[in-house]
Structure formats: structure tokens, C-alpha cells
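The values are calculated or read from the model by the stated rules, or taken from the named source; none is laboratory data. The model shown is predicted, which means the values in this text are computed figures rather than measured ones. Here Cβ is always computed from backbone atoms with ideal geometry, including for glycine, and neighbour counts include all displayed protein chains.
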Amino acid sequence: MKLIDQHIESNILIITLNRPEKLNALSTEVLDELALIFNSAKENKEVKALLITGAGKAFCAGADISRLALCDAESGYKFACYGQDVFRLLETIGKPSLAVINGYAFGGGCELAMSATMRIASTKAQFGQPEVKLGVIPGYGGTQRLSRLVGKGRALDLCLTGRFIDAETALLWGLVSHVFEPEDLLNNGIRILTEILALAPCAIASVMEVIDHGYDMSLTDALHLEAIHFSKVCASADKAEGVAAFLEKRPAQFKGI
């Protein structure tokens with residue numbers, strides 16, 4: 001059985017973590033394969049977006065605890081940095097990604113979901129950063145991305161208590177943008193990405209880059225970055241097509257140039 005299934009559908013690379021008997025836990029082998037998939041997707045012109053989900057009742061229940069048990073200070077640092085590097089690949093791939101959270105998203109699974117551009121969830125999904133119960137802290141970006149998505153207070157709540165929240169709470173907090181019934185989840189994920197891919201590719205890439213890099217800048221520097229990207233897309237053929245289509249009251253035909 002493959003650790004990860006993948007196929008391309010309408011320019012969307014659908015990635016399914018496939019260790020249902022282990023609740024799709026992130027072993028070293030799974031992280032290695034994700035790194036290969038993300039790097040390949042970045043260069044593959046057929047892939048315009050990525051969708052990540054899990055097989056069975058979990059999206060991903062976290063990191064490999066047996067591997068964690070062997071960590072000391074030195075190996076623990078490497079353990080954390082490797083997971084962070086793999087997830088950062090997804091975050092900076094330059095193509096929109098959507099975590100379609102079908103079930104449990106705990107620990108490293110929640111961290112993987114947060115590294116995607118956007119997140120949607122099943123009504124049965126649950127989220128949490130329970131690492132404190134093992135005597136450690138989130139190591140794959142959980143303390144940082146969670147606080148940026150839901151605020152410092154709520155991030156402290158989840159990381160200090162190790163408690164889980166349901167999909168409706170995740171929606172209320174802004175951790176996910178939509179909640180669907182399980183049977184409707186995947187189709188809605190594909191629909192959301194298909195709608196994004198119908199828009200101007202240059203503008204989509206700029207939006208992701210400006211928000212990612214500008215978030216931690218001063219407002220003055222971030223506004224300057226926004227203006228630079230605005231000027232870049234103003235020089236694109238897609239901008240000319242988008243404006244013309246609006247004025248002519250017709251659908252735009254974007255080409256990514």
C-alpha cells in the first residue's frame with residue numbers, strides 16, 4: 001500500500017495521506033514523500049493547485065510518536081526543523097493549496113493543514129495541538145502559524161491545554177473557512193480550487209506572496225511590497241484581459257501572462 005496516493009484532476013493535484021491504520025501519522029517516510037511531491041508539483045506545469053486530504057477517519061493525527069520517543073536535544077532540533085522545512089515547501093510553492101480536513105487533525109496534522117493556503121473541514125473534523133501532554137511543544141510550526149491564524153490567546157489555549165476543538169469552533173475562530181457534511185467535502189474542495197484557478201494566475205500568485213511575506217513586515221514595508229506586486233500585475237496581459245472583459249460584460253479568459 002502506498003503511503004500517499006496522488007493523482008491530477010482538472011489541474012489539481014489531489015494528495016491523500018494513506019495510512020488509515022495509523023491515522024495517517026507523519027512518519028519520516030511520509031515526510032520524505034511529501035517533500036518529493038511538493039518539489040515535483042512546483043515544477044510541474046500541469047499542476048495549478050494542490051488539495052491535501054486523508055484516508056479513513058483522520059486527516060492526520062500527528063507526528064510519529066515512536067520517532068519522537070528517541071529524540072534528545074540534538075535530534076529533536078533536527079526532527080522539528082525537517083518537518084518545518086517540508087511544510088514550508090507547501091506554503092511557498094507559489095500555487096494555491098487547500099487542506100480538506102476529513103477527520104482528526106492533531107499535532108503535526110494540524111500543523112500540515114495550517115501550512116496550506118486555505119482549509120475546509122468536515123463536520124466530523126477535530127483540531128488540536130496536544131503535544132504538551134507528551135511533555136513537548138508543537139515543533140512543525142504549530143505555535144507560530146496557529147497564533148497567526150486564530151490569535152495569540154486562542155493559540156495559547158490550545159497549546160497549553162492540549163484540548164481539541166470541533167469543526168464549528170474552528171470555523172468560528174478562523175482556522176477553517178468552510179465546514180461541509182462529510183459526503184460533500186471533497187467535491188466542495190475541488191470546486192473551491194477550480195473557482196480560484198479560473199482567475200488570473202499572476203494575480204493569485206502575487207496575493208499569496210504578498211500576504212505570506214508582508215504579514216511579518218512593518219505596515220510601511222508591507223504596503224510597499226503590495227504596491228510593487230500591484231505594479232507588476234498591472235503590466236500583465238491578464239490585467240488587460242480582465243479589465244476588457246469587465247467593460248465588455250463577458251467572462252475573462254486568463255492565460256497567466
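Those helices (runs of 4 or more DSSP H) of segment 171-257 in which 1 or more residues are of a type outside the set (A, V, I, L, M) and closer than 25 Å to R148 by Cβ occupy 182-197, 201-214, 219-234. Among the residues examined, S122 qualifies as under 17 Å from G56 (Cα atoms) and either out of contact with any strand residue (DSSP E or B) (no Cβ under 6 Å at 6 or more places or on another chain) or without any contact (Cβ under 8 Å) to a residue 60 or more places away in the chain (or both). Might you check whether a residue that is farther than 19 Å from S97 by Cβ and in contact with a Ser or Thr (Cβ under 8 Å, 6 or more places away or on another chain) occurs anywhere in segment 247-255? No; the residues of segment 247-255 include none that is farther than 19 Å from S97 by Cβ and in contact with a Ser or Thr (Cβ under 8 Å, 6 or more places away or on another chain). Within the set of pairs 6 or more residues apart or between chains, which connect a residue that is in contact (Cβ under 8 Å) with a residue 40 or more places away in the chain inside segment 240-257 to a residue that is outside any loop (DSSP other than H, G, I, E, B) and surrounded by 10 or more Cβ atoms within 10 Å (Cβ to Cβ) with Cβ atoms less than 6 Å apart? So the pair list comes out as A252/E241; A252/G242; A252/A245; F254/D238; G256/P201; I257/A237.
For segment 1-91, the helices (runs of 4 or more DSSP H) that sit wholly inside it and include 3 or more residues that are exposed (fewer than 13 other Cβ atoms within 10 Å of the Cβ) and either of a type in the set (A, V, I, L, M, F, W, C) or out of contact with any strand residue (DSSP E or B) (no Cβ under 6 Å at 6 or more places or on another chain) (or both) are 28-43, 73-91. The conditions of being surrounded by fewer than 18 Cβ atoms within 10 Å (Cβ to Cβ), within 28 Å of G109 (Cβ to Cβ) and not assigned by TED's automatic domain parsing to the domain that holds F87 are not met by D184.
Checking every residue in segment 90-98 against the condition of being at pLDDT 95 or above and in contact with a Gly (Cβ under 8 Å, 6 or more places away or on another chain) gives at least one match. In segment 106-126 there is at least one residue that is at pLDDT 95 or above, charged (D, E, K, R) and buried (at least 24 other Cβ atoms within 10 Å of the Cβ).
Conditions (1) exposed (fewer than 12 other Cβ atoms within 10 Å of the Cβ); (2) more than 24 Å from the chain's Cα centre (by Cα), marked per residue:
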{"position": "R191", "(1), (2)": "yes, no"}
{"position": "L199", "(1), (2)": "no, no"}
{"position": "A203", "(1), (2)": "no, no"}
{"position": "D212", "(1), (2)": "no, no"}
{"position": "Y215", "(1), (2)": "yes, no"}
{"position": "H224", "(1), (2)": "no, yes"}
{"position": "H229", "(1), (2)": "no, no"}
{"position": "V233", "(1), (2)": "no, yes"}
{"position": "A237", "(1), (2)": "no, yes"}
